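Just so you know, all these numbers are worked out from the coordinates, no wet-lab data involved. These numbers come from a predicted model, not from an experiment. Here the Cβ positions follow ideal geometry from the backbone for every residue, glycine too, while neighbour counts run over all protein chains shown.
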Amino acid sequence: MTWERLTRPSSNVEGRKLSTSLSLIVQKKGSPSPAWFTRCFLYWAADVARVQHLPAALLWIQPATVFDIYYYYFNGYGDIFNNCKDISYVIELPGLPPLTSRDIPSFTLPSNTYTVAIQAFQEQLEHLSQETNPKSACQLFRCIGIGTHECH
């Protein structure tokens with residue numbers, strides 16, 4: 001599946017309709033739906049869960065450090081990534097060890113040509129920051145840790 005197809009508005013509309021229908025069917029049968037896990041780029045699923053009064057969490061399948069890097073990229077630190085043309089350049093982000101261009105996602109590098117992908121990451125984090133009680137499940141070394149990330 002291409003980035004364009006995954007993030008296009010018609011996919012979001014179709015997904016919302018299907019998810020709402022499934023949720024209503026489950027509720028009518030009396031089966032509990034304790035929580036929804038949403039995936040990256042399917043942020044609309046959290047909207048459906050909210051409307052249905054169900055808790056939802058983002059299932060982030062990449063390491064938590066990658067989540068942090070994208071978070072900082074879109075929240076005040078984006079300009080420092082422009083200096084990553086030189087592989088010896090070191091980026092320092094709060095709470096993370098010093099990083100070079102080899103350590104960070106290629107979508108954040110000045111050489112990135114996949115603008116749709118970086119926009120999709122930005123939309124995901126913007127959407128998460130709008131939640132009143134955002135939750136995510138992230139990969140923490142060898143286990144899955146469920147926690148809340150503060151989004152400002």
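Can you tell me the order of 65-74, 119-128 when each peptide is scored by its average per-residue count of other Cβ atoms within 10 angstrom, highest first? Show your work: numbers first, answer last.
On the way: 65-74: 20.1, 119-128: 17.5.
Descending mean neighbour count gives 65-74, 119-128.
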Looking at the P(r) of the range 30-111, how many percent of alpha-carbon pairs lie beyond 23 Å? 39 percent
